[in-house]
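A short reminder: the numbers here are calculations on the coordinates, not readings from a lab. Fair warning: this is a prediction, and the values are worked out from it, not measured in the lab. Cβ placement follows ideal geometry from the backbone for every residue including glycine, while neighbour counts extend to all protein chains displayed.
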Amino acid sequence: MSDLYQSFQQYFEIVIADTDELLENVYKIRYQVLCVQNTFPNMDAIDYPDMLEKDEYDNHSCHALLKFRPSGVYIGAVRLILVDPAEPEKPFPVELNTQLDPELCNMKNLLRQQTAEISRFVIVSQFERRKGERRAPTRAETIENMENRNRDRRSNDRRTTPHLSLLLMAGVMRMSIRNNIRNWLSAMDPALNRLLGYYGLNFYPVGPPVNYHGIRRPYYLKVEEVLNRMYKEHRDAWEVVTECGEYNLSSVN
């Protein structure tokens, strides 16, 4: 097993939010990041008096939390928007709020029951670690700040200490296996997609950038394709995302 995977196992845990208590933690983290820290510029904390950020898609989504083991604190969350069983043809947010190029991603050619949108991909601005834990990152910053801060050293560090965005994708993978999801959509900050690309997890752009909670671009990825690519070119990151093959749709062996 790689150093990257061992670091992940030592310091972090993926928790599927499948209880009311865990879901409340998800919504609290989203409120803190999106509303208080104002990561989404059109969200104001004053509009969420219960300090929980929720929307209409949460009822047909699954959610994962990222826990920092030494403190037991949840430091990130992500959701996977599934097809609404009450309205199977209901568009995903990326269909409504971006400009999908049908030549690059034709929704009519995708089996909607096996397609999901990665959404509310959030990491708290910072968290504390216990003194002496050298391998764990000291801060979980916004994607843009993290990218600027670590630009010169990332090529070395990324192979020993996993970036928190990679760990959230491990949560996405677990939820995808549970729900037989084989196609991922996302309206993503291009900076996040570049960061994921360091681990072979970059998505394909399927439309122009738009102003949607800041600058976002629509992306698409076939799960099996990216896992095969990671297995061949980024084996250590593949171990993290798939739990060494336990959560895997690909045909590698």
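Rounding to the nearest 20 debye, state how big the charge dipole of the stretch 26-133 is about its Cα centre with +1 on each Lys and Arg Cβ and -1 on each Asp and Glu Cβ. The partial results should precede the final answer.
Details: 13 positive and 16 negative charges, 163 e Å.
Result for the stretch 26-133 is approximately 780 debye, rounded to the nearest 20.
About the Cα centre of the stretch 3-242, how large is the charge dipole given +1 on each Lys and Arg Cβ and -1 on each Asp and Glu Cβ? Please answer in debye to the nearest 20.
The calculation lands at about 1120 debye.
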ask   = Of the listed peptides 88-97, 25-34, what is their order by residue-averaged count of other C-beta atoms within 10 Å, with the highest listed first?
value = 25-34, 88-97
ask   = Which of the peptides 46-52, 236-242 is most tightly packed, and how do the rest follow, going by the mean number of other Cβ atoms within 10 Å of each residue?
value = 236-242, 46-52
message = Could you give each residue of the stretch 21-29 its phi-based ³J(HN,Hα) in whole Hz, using Karplus coefficients 6.51, -1.76, 1.60 with θ = phi - 60°, and x for Gly or Pro?
response = 5, 5, 4, 4, 5, 4, 5, 5, 5
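Would you kindly give the portion of the calculated P(r) for the stretch 3-242 that falls above 29 Å, as a percent of all Cα pairs? Please list the in-between numbers first.
On the way: 6874 of 28680 pairs.
Roughly 24 percent, rounded to a whole number.
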